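Following: one structure in structure tokens, then a few remarks.
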Amino acid sequence: MLSRHRIGAVVVSGDGSAIDGIVSERDIVRALAGQGAGALGQPASSIMTSDVVTCGPATTVEQLMGLMTERRIRHVPVLDDERLGGIVSIGDVVKNRLSDLENETQVLHDYIAHGR
């Protein structure tokens, strides 16, 4: 599934709303290192991270950057009223930050060039 959808993690949920765990590329590598190729036939629940770090819709990009850095994680599910609303990846955070920096740079260039 990760390869097919070109994603780095997938949320595991029995009912499609509550988060039971998350399986990332890192979890798969750990399972392969510990169990060999036999890990690939195991259910996702046997290799998933069950202590999932989440955020809410109002969590800022700055807060996410800090959380991801502190916890050394690359994917954070978003819970909205205790229901899965989406997932934010480190790529999403970086893309947003780069966009902000490009906008700031453009404003500074305009200010320098036009004095406003």
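Any read-out appearing in this document is the output of simple, stated calculations on the displayed coordinates, not a laboratory observation. Quantities reported herein were computed from a predicted structural model and do not represent experimental measurements. In this analysis, Cβ positions are derived from the backbone assuming ideal geometry, glycine residues included, and neighbour counts consider all displayed protein chains.
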Radius 15 Å from Cβ of residue 97, net charge of other residues (Lys, Arg +1; Asp, Glu -1): -3
log₁₀ of I(q)/I(0) at q = 0.12, 0.31 Å⁻¹ - the range 58-116, Debye sum with one point per alpha carbon: -0.42, -1.21
Under the Karplus curve 6.51 cos²θ - 1.76 cosθ + 1.60, θ = phi - 60°, whole-Hz ³J(HN,Hα) for the range 98-106, x wherever Gly or Pro sits: 5, 4, 4, 5, 5, 5, 4, 4, 5
Expressed in nm to one decimal, what extension gain is obtained for the pair residue 20 and residue 46 from 0.36 nm per residue of sequence separation less their Cα-Cα distance? 8.2 nm
Unit charges on C-beta of K, R, D, E only; dipole of the chain, Debye: 460
Among 110, 15, which comes first, then next, by fewest other beta-carbon atoms within 10 Å? 15, 110
Average silhouette area of the range 1-52, convex hull of alpha-carbon atoms, in square nanometres: 3.7
Nearest-0.05 FRET efficiency for residue 35 and residue 99 at R0 = 41 Å, using Cβ-Cβ distance, is 0.50
Over all directions, the chain yields a Cα convex hull whose mean projected area in nm² is 9.8
Where the centre of each part is set by its Cα atoms, how far does the range 33-96 sit from the range 98-113, in angstrom? 32
Give me, ordered by chain and number, the residues 5 or more places off residue 85 or on other chains with an amide H under 5 Å from its own placed amide H. 78, 79, 80
At most 13 other Cβ atoms within 10 Å and a DSSP loop assignment: could you name the GluC sites (Glu not before Pro) in the range 60-116 that fit? 82
Percent relative contact order for the chain, counting Cα pairs under 8 Å at least six residues apart, stands at 19
